[in-house]
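Report on the structure given below.
The values are calculated or read from the model by the stated rules, or taken from the named source; none is laboratory data. The structure presented is a predicted model; accordingly, all values stated were derived computationally and were not measured. Glycine gets a Cβ as well: all are built from the backbone with ideal geometry, and neighbour counts include every protein chain shown. Remember, those area values only see protein heavy atoms, side chains included, never the ligands or the DNA or RNA. Shrake-Rupley method; radii C 1.70, N 1.55, O 1.52, S 1.80 Å.
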Amino acid sequence: QVHLEESGGGLVQAGGSLRLSCVASGETFSNYIMGWFRQAPGKEREFVATVSWNGGAIYYADSAKGRFTISRDNTKNTVYLQMNSLKSEDTAVYLCAALRNSGVSFLYSILSDPRRYDFWGQGTQVTVSS
């Protein structure tokens, strides 16, 4: 079992920045691919970004490219999402997720699918005012 706890959300004006953190506990953090998703009211869970076990490979959703940066620190069991140039449409609950790295191919088609992930945090609210 992996427990994930997000933090760093809040209210920010359009154009501002936030840095989300997700701390993992319970199992060896480097055994997991980590992802960030978001979910707005009435909408499906949406892929934002994912990072391989060592940070060497990353994918972003088109909506995140050029504005968001995912990173991880395996010594701190933490994955980050730096969000810049925030827009009102970025308003959502942001959730981190862990996918056990047992031979899974690091492909966008796989890692952008929330059903592939094994563990989820409770989420942190991000609200961007226009």
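Listed values, structure above:
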| item | result |
| --- | --- |
| Residues of type aspartates and glutamates that Lys43 reaches as a straight line, Cα spacing below 16 Å, ignoring anything fewer than 8 places off in the same chain | Glu89, Asp90, Asp113 |
| Protein accessible area in the chain, 1.4 Å probe - carbon and sulfur % | 45 percent |
| Gain upon complete extension [Asn31, Thr75; 0.36 nm per residue less C-alpha separation] | 14.6 nm |
| Residue-normalised accessible area of the chain, expressed per residue, 1.4 Å probe, Å² | 50 Å² |
| Partners for Lys65 among lysines (Cα-Cα distance below 17 Å; same-chain residues under 8 apart left out) | Lys87 |
| Zone residues, the stretch 62-85, relative to Glu46, backbone N less than 18 Å from point 7 Å out along Cα-to-Cβ | 62-70, 81-85 |
| Relative contact order [Cα under 8 Å, 6+ residues apart], the chain, whole percent | 36 percent |
| For Gly123, distant residues with modelled amide H under 5 Å away | Glu6, Cys96 |
| Mean ellipticity per residue at 222 nm, deg cm²/dmol - from DSSP H runs of n ≥ 4 across the chain, formula -39500 (n - 2.57) | -500 deg cm²/dmol |
| Environment charge of Lys43, counting only residues whose C-beta is closer than 13 Å and scoring Lys/Arg +1, Asp/Glu -1 | -2 |
| 11 Å beta-carbon shell around Leu107, net charge (K/R +1, D/E -1) | 0 |
| Radius 14 Å from Cβ of Asn84, net charge of other residues (Lys, Arg +1; Asp, Glu -1) | +3 |
| Antiparallel DSSP beta bridges within the chain, percent to nearest 5 | 90 percent |
| For the chain, convex hull of alpha carbons as volume per residue, Å³ | 94 Å³ |
